[in-house]
There are 2 protein chains.
Amino acid sequence: MKISVIGTGTVGRTITSKLIDLDHEVMLGTRNVREKLASMVKDGYGNPPFSEWYKSNPKVKLGSFAESAAFGELVVNATLGGNSLDALKLAGSKNLSGKIIIDISNPLDFSKGMPPSLIPGLSNTNSLGEEIQKTFPEARVVKTLNTMWCGLMVNPGLIGNGDHTNYISGNDAGARAEVKKFLKTFGWKDDNLIELGDITGARAAEGVLLLWLRLLGTLNSGAFNLKLVR
Amino acid sequence: MKISVIGTGTVGRTITSKLIDLDHEVMLGTRNVREKLASMVKDGYGNPPFSEWYKSNPKVKLGSFAESAAFGELVVNATLGGNSLDALKLAGSKNLSGKIIIDISNPLDFSKGMPPSLIPGLSNTNSLGEEIQKTFPEARVVKTLNTMWCGLMVNPGLIGNGDHTNYISGNDAGARAEVKKFLKTFGWKDDNLIELGDITGARAAEGVLLLWLRLLGTLNSGAFNLKLVR
């Protein structure tokens, strides 16, 4: 399958590597290809500059946001939440129309100190997932995977035998079902994929970040998740 | 132990019954004792009027907010979050001074439809737990138990062999330790009591309600909780 991954940070790279392992064709989308390849800046987590990572992953294609979105039959939004709407607008509504957008992003607000909070207008009674769906009504937005460290997104079996929960929200039941099938190729078990209904479920999934960030600070490791027990 | 439970709704009644079973003396606090006993109104969940419940629980004492708080060596805030600060002000800072307040409440906003959202000024970058601590600086506020159905608060073993998570936040390490000891008498295992640090951890714990309410709607039962897996 041809897949567009928008965003070249840790999440975008991790998802892309997994997709390549699964024999998909991936084009990463970035704001400015020439600048991205020239930059020798480490990302905020101390990862190597993108250009180094790109050299050691020769199967990965790189394009502008629009080129990537046009390439993909499926689009993954792995940008920082505060940049997501801008990036997707540059990707272009025409290139997103009819496609599933798997939205992994979180509307984090770093302006009020650490740990970040949520961007006020995109939390509680709204969400980034909803705002993306409203901005691109022809796309089929499915919020998922945003409640955990990216290492677990693509390898849930790393902890607890893979028995922990990943949430699915989206307006289109067909798109939710397709995304569940897709997530199973990452190792997710059906029982651990919990549907939260339409895209307003993103309020709940993004709201988890307040707890997630707090736990990250307490546990000093991202290798944790929450499991629904009933 | 003499315990004050502020709030006569489902949560207050459930906690009180458990405390009586554990041989504590409990005085429930209410805004107006005479009116509360005269009222034949069912609560919002279809539970019997308080007066009926009170008749069938003869060991329970009933007093004003202030009488209850003065009586208790420990205070449990089980009011609706939107009423908590008012109720505790009526309880009186003198009656709360030096005491642990176990804060179970959630700042739910029912004004924007169902499921409720969080009261904007008490979410994301603030919380009800913090606001209570700021309002009563001489009390030792510990946020806990607010992330689940009250049936599980007092009987965690109802599901998953009791292996699911309850969070603890509070500024005073001694108070957090005392509350953990107290929670163990309800059946909570040490491994499942996860500390989130100071009272700002209440932002995380109260933020869980967005997910909790969504899951409640999806699962059609309150007998669920989340377990930290690592």
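Surface composition of chain B: carbon plus sulfur atoms contribute 52% of the solvent-accessible area (1.4 Å probe, protein chains only, all chains present). For region B:94-230, the antiparallel share of DSSP beta bridges with both residues in that region comes to about 35%. Taking springs between alpha-carbon atoms closer than 10 angstrom, which of A:Leu216, A:Leu74, A:Leu28 fluctuates most in the Gaussian network model of chain A? Of A:Leu216, A:Leu74, A:Leu28, the most mobile in the Gaussian network model is A:Leu216.
Total lysine pairs in region A:1-139 at Cα distances under 23 Å, for residues eight or more apart or on different chains: 28. Here region B:35-177 is treated with +1 on each Lys and Arg Cβ and -1 on each Asp and Glu Cβ, and its dipole about the Cα centre works out to around 200 debye. Remark: accessible surface ordering of B:Lys181, B:Lys36 (largest first) is B:Lys181, B:Lys36, probe radius 1.4 Å. Solvent exposure of A:Met114, expressed as accessible area, is near 150 Å², computed with a probe of 1.4 Å over the protein chains only. Reported to the nearest whole Å, the Cα centre-to-centre distance from region A:153-230 to region B:113-172 is 22.
Return the average number of partner chain Cβ atoms within 10 angstrom of each residue Cβ along peptide A:79-85. Numbers along the way, then the final one.
Details: counts 0, 0, 0, 0, 0, 0, 0.
For peptide A:79-85, the averaged partner shielding equals 0.
How would you classify region A:79-230 from its alpha-carbon gyration tensor, with a ≥ b ≥ c the square roots of the eigenvalues: rounded for a/c under 1.5, else prolate if a/b is greater than b/c, otherwise oblate?
oblate
Under the classification rounded if a/c is under 1.5, otherwise prolate if a/b is larger than b/c and oblate if not, where does region A:1-144 fall, given a ≥ b ≥ c as square roots of the Cα gyration tensor eigenvalues? Here region A:1-144 falls in the oblate category. Residues whose amide H falls under 5 Å from that of A:Glu195, counting only those 5 or more places apart or on a different chain, are A:Ile168, with hydrogens built in the peptide plane. A 1.4 Å probe, protein heavy atoms only, puts the accessible area of B:Thr79 near 20 Å². Between the amide H of B:Ser39 and any residue lying 5 or more places away or on another chain, no distance stays under 5 Å, with hydrogens modeled in the peptide plane.
Let me make sure I get this right: for region A:144-229, a, b and c are the square roots of the gyration tensor eigenvalues over alpha carbons, sorted descending. Under 1.5 in a/c it's rounded, otherwise prolate if a/b > b/c, else oblate. Which is it?
Details: a/c = 2.27, a/b = 1.32, b/c = 1.72.
It is oblate, given that a/c is not under 1.5 and a/b is not larger than b/c.
In order along region B:221-230, the Karplus-derived 3J(HN,Hα) couplings, from 6.51 cos²θ - 1.76 cosθ + 1.60 at θ = phi - 60°, round to 7, x, 7, 8, 8, 10, 10, 6, 10, 8 Hz, and Gly and Pro are given as x.
Here A:Ala173 yields copy-to-copy label distances, from shortest upward, of 5.4 nm, the label point defined as 7 Å from Cα along Cα to C-beta. Enter the buried accessible area of the A/B pair, total of both sides, probe 1.4 Å, in Å² rounded to the nearest 100. Roughly 2800 Å² of accessible surface disappears when A and B pair. Amide H contacts of A:Val76 (H built 1.01 Å from N, in plane; Pro and chain starts excluded): A:Ser4, A:Val5, A:Ile6, A:Ile102 sit under 5 Å, all sequence-distant by 5 or more or on other chains.
So how strong a dipole does the protein assembly as shown carry about its Cα centre when Lys and Arg Cβ are +1 and Asp and Glu Cβ are -1, to the nearest 20 debye? Intermediate values should be presented prior to the final figure.
On the way: 52 positive and 44 negative charges, 13 e Å.
It comes to approximately 60 debye.
Summary for B:Ser56: label point 7 Å along Cα→Cβ; distances to the equivalent points in the other copies, ascending, 6.7 nm. Note that region B:1-145 presents 44 Å² accessible area per residue, ligands and nucleic acids not counted, probe 1.4 Å.
With only alpha-carbon atoms in the gyration tensor, what are the semi-axes of the equivalent ellipsoid for region A:78-168, in Å, largest first?
On the way: eigenvalues 110, 71, 25 Å².
Square roots of five times the eigenvalues give 23, 19, 11 Å.
Ordered by 1.4 Å accessible area with all protein chains kept, B:Glu206, A:Glu178 run largest first as A:Glu178, B:Glu206. DSSP finds beta bridges in region B:1-152, and of those with both partners inside it, around 10 percent are antiparallel. For A:Val33, the label point sits 7 Å beyond Cα toward Cβ; its separations from the matching points on the remaining copies run 7.9 nm, from shortest to longest.
Averaged over its residues, how many other protein chain Cβ atoms are within 10 Å of peptide B:199-207's Cβ atoms?
Numbers: counts 0, 2, 6, 1, 7, 12, 3, 3, 13.
Taking all residues of B:199-207 together, the mean is 5.
Accessible surface ranking for B:Arg176, A:Arg34, A:Arg203, 1.4 angstrom probe, highest first: A:Arg34, A:Arg203, B:Arg176.
The values are calculated or read from the model by the stated rules, or taken from the named source; none is laboratory data. Just so it is clear, the model here is predicted, and its values are computed rather than measured. Cβ atoms come from the backbone with ideal geometry, glycine included; neighbour counts cover every protein chain shown. Ligands, DNA and RNA are excluded from the accessible area calculation, which covers all protein heavy atoms including side chains. Shrake-Rupley method; radii C 1.70, N 1.55, O 1.52, S 1.80 Å.
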